[in-house]
Amino acid sequence: MNIINKSALNFLLVTLIGFNCTTVFADTNNTSAPIISETIKLVEDALVQVNKSDFSAAQLLLKSARLASAKITGDEKTLKAANDAVVQGQIQAKYGDVKKSSDELDKALKLYKTL
């Protein structure tokens, strides 16, 4: 009887592990389109705030955009360039340079939209 219980328990564990593996595999194939859309929206909002010279609001939006972009999967080279442009835009906004900041954020938007 003890052998039957152990065998049934092992079968149950193997079955559950098998279901978990297929579930994890299916989750990795999901696209990150909603996260990209959220990041684009945040960068666009930050660009509006930069053009209004409201740099504190822009800083908060850019920080949120950087956190959201960390969850994006895709072309690593394009993603790195877009993230670098957001960082440079954030730095320029910190210095109060509207033109340079908006140029960098425009560049970041173009790159994010290609993902």
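Bear in mind that the values in this text are calculations on the coordinates, not laboratory data. Small disclaimer: the values here were computed from a predicted structure and weren't measured. Heads up, the Cβs are rebuilt from the backbone with ideal geometry, glycines too, and the neighbour counts pull from every protein chain shown.
See the values below:
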| item | result |
| --- | --- |
| Subset of the range 49-64 [surrounded by 16 or more Cβ atoms within 10 Å (Cβ to Cβ), within 14 Å of I91 (Cα to Cα) and among the small types (G, A, S)] | A58 |
| The listed residue being out of contact with any Lys or Arg (no Cβ under 8 Å at 6 or more places or on another chain), charged (D, E, K, R) and more than 19 Å from P34 (Cα to Cα), out of K100, K63 | K100 |
| Qualifying positions in the range 41-96 - more than 14 Å from the chain's Cα centre (by Cα) and on the phi > 0 side of the Ramachandran plot | S53, G96 |
